[in-house]
Structure formats: C-alpha cells, structure tokens
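Following: one structure in structure tokens, then a few remarks.
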Amino acid sequence: MLNSSEPLTAPFESSPFYAELAEALGRRQCEIDQLCPPDDHVARRVLHDYGAMFLGNKNILPPPVCVFTSEAEVSEFQKAAGHAAANIGGDVIELQPAAMTALLKARAVARAEGRDISPRDGAEAARRSYADTVRLWNSRFLPALDHWQELGRLNQAQTEALRRLPIAEQVREVLELEKDGIFFSKDFSKSVLYSIAAPGTSQHIAMLAFDANEFLDERVRQILSDHGWFQTVLSDLPHFTYLGLQEEELAARGLKCVEANGQRFWIPDVG
Ligand SMILES: [Zn+2]
C-alpha cells in the first residue's frame with residue numbers, strides 16, 4: 001500500500017536506468033542525489049542525456065557529479081581517473097587509460113582493413129577541460145543572443161542580463177527560453193544541448209568520449225562497439241563513449257537501443 005503522505009517520485013525514478021545507476025553508485029558508496037540533486041532540472045537533463053557513462057565497466061572512473069562547476073574540480077577528478085596520451089595522425093589525444101587501450105586496439109583493427117579511426121577537430125576530440133566546455137558554450141550562447149535580439153525575440157536589457165548571469169544560471173535560462181522556440185544551437189533550430197554539452201558536463205571532461213571522423217562508416221562503428229565504444233548521446237553522430245562492455249550486456253545495464261540517422265544509439269532508459 002502506498003502511504004499517501006509520501007512524496008510522489010517522478011516516473012523516471014523507477015526506470016531501468018535509475019535501477020542500474022543506483023546499483024552502480026552503491027558499489028562506490030555513492031547515491032544518485034549526491035551525483036545529481038533531484039531538484040536541479042539541468043543536472044537531471046544532463047544525467048538523462050549523457051548518463052550512459054555512469055554504467056561502464058569497473059576499469060573506468062565516472063565523474064562524482066553530473067555537473068562540474070570549476071576547473072579545480074575537473075582537474076582533481078581527471079587526476080584521480082588518470083589519463084593516457086597518444087598521437088593519432090599528429091594530434092595528441094588523451095583518455096582514461098582503459099578507454100585509450102581499447103581505442104588503439106580498435107584503430108589497429110581498422111587500419112589492418114585499410115580504414116582508420118581518427119580524431120575529429122584535433123585534440124578536442126577526446127579530453128576537454130572545464131574551460132574548453134565554457135568556451136564551447138559561449139560559441140553558441142553569445143551568437144544566439146545577438147541573433148534573437150536582431151529578430152526582436154529578446155530585447156537588449158534581456159540579453160545583457162543573460163550575459164551577466166553566472167554560467168549555471170545561463171544554462172537554466174537558456175533551457176527555459178528554448179521551451180518557447182528561442183533555440184541556442186549553431187543554426188538556432190534546436191536545443192543547444194544537441195549542439196554542445198552544457199559547461200562542466202561533457203563526457204569529454206570524463207575522458208570517456210572520442211569524436212571520430214569516420215562515424216559514417218558502418219564497419220568502423222562495428223569495430224568500435226566490438227572494443228567497448230558505443231554511441232550513447234542521441235543525435236551526436238561523431239561522438240563515441242567508452243563503456244568497456246559487450247553490446248549484448250547494454251540492455252541489462254539500463255540502456256535502450258534507439259535508431260537515429262541510420263545509426264544505433266544506446267541511451268539511458270528513463271522510461
Ligand atoms: Zn563528443
């Protein structure tokens with residue numbers, strides 16, 4: 001019997017993803033509310049969009065929070081996780097050691113078949129700092145403010161107020177404006193979160209993501225998934241996440257398979 005005085009939990013709390021996440025966090029003596037405060041809608045959205053990385057194998061260290069808020073916090077985490085560097089076609093990329101080992105093995109298989117797995121946009125394809133994610137945020141946020149002011153959807157007082165907000169509040173306000181069709185992606189047609197990650201939230205900060213030039217090659221995607229690298233962020237086509245698992249295991253880990261743009265994504269099954 002439900003006790004009527006108990007607060008109702010959001011339906012997603014009973015989803016396969018949350019069940020698996022609670023178990024994975026329990027092994028590290030951590031709880032979902034520490035990772036991601038329940039009343040923080042931005043953090044929850046981030047968890048639902050990028051959360052697959054929290055369910056990877058035991059050889060990787062997922063971030064202790066959904067949203068990092070400073071460079072110091074990111075540096076401390078990246079140091080604890082450890083990172084390996086490799087030169088791929090002249091670009092030095094960095095990843096967590098287990099992720100790097102698997103990527104280099106996958107690349108060797110690809111090259112033996114006359115293909116390649118190479119970083120898209122150089123070093124930024126793998127590890128990013130907090131400052132990198134802020135710079136990427138500004139590359140979408142600032143032009144969109146100008147665009148919507150020119151179109152008269154925002155006035156100057158509004159855009160100035162938005163520029164002055166602390167970054168976490170900018171994200172919150174942008175997601176509110178997007179509900180009214182004032183979008184902040186590069187072409188102003190969709191949510192900014194389909195274009196870039198919110199500051200402090202990227203799987204690249206976790207050093208568990210790699211953007212590959214060859215994402216349109218189905219065989220390359222197969223080689224990557226054979227080595228534990230999967231597409232886990234819906235509609236981010238070149239972006240692969242290291243989970244270190246077999247594809248057959250993913251459904252039991254609380255991820256669901258979704259086809260988009262002819263590609264197969266494994267995303268958090270939040271109901
Ligand atoms: Zn990426």
Note, segment 205-220: 3J(HN,Hα) by Karplus (6.51, -1.76, 1.60, θ = phi - 60°), whole Hz, Gly/Pro = x, goes 4, 6, 6, 10, 10, 9, 9, 9, 5, 8, 5, 7, 8, 4, 5, 5
Residue-ordered couplings for segment 18-32, obtained by feeding phi - 60° into the Karplus form 6.51 cos²θ - 1.76 cosθ + 1.60 and rounding to whole Hz (Gly and Pro as x), are 5, 4, 5, 5, 4, 5, 4, 5, x, 5, 10, 6, 10, 10, 4
By the mean-Cβ-within-10 Å protection proxy, highest first, 233-239, 160-166, 245-251 rank as 233-239, 245-251, 160-166
The set of cysteines in the chain having no other cysteine's C-beta under 4.7 Å reads Cys30, Cys257
So the pair-distance distribution of segment 52-182, from every Cα-Cα distance in 10 Å bins, comes to percents of 10, 31, 26, 21, 11, 1
Expressed to two decimals, the chain has a Cα Rg over Rh, using the Kirkwood radius, of 0.98
Once Lys and Arg are counted +1 and Asp and Glu -1 for all other residues with Cβ under 13 Å from that of Ser189, the total becomes +1
Note, Ala19: beta-carbon cut-off 11 Å, +1 each Lys/Arg, -1 each Asp/Glu, net -3
Ordering 68-78, 118-128 by per-residue average of other C-beta atoms within 10 angstrom, highest first, gives 118-128, 68-78
If every Lys and Arg gets +1 and every Asp and Glu gets -1 at its Cβ, then about the Cα centre the chain yields a dipole, in debye to the nearest 20, of 460
Taking only C-alpha positions in segment 146-188, Rg and Dmax in angstrom work out to 9.9, 25
Only helices counted: for the chain, with every DSSP H run of 4 or more residues adding -39500 (n - 2.57) and the sum spread over all residues, [θ] at 222 nm is -11500 deg cm²/dmol
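Throughout, read-outs are computed from the coordinates displayed, never taken from laboratory work. What you are looking at is a predicted structure, and each value in this text was computed from that prediction instead of being measured. Counting neighbours? That spans all protein chains shown, and the Cβs are built from the backbone with ideal geometry, glycine included.
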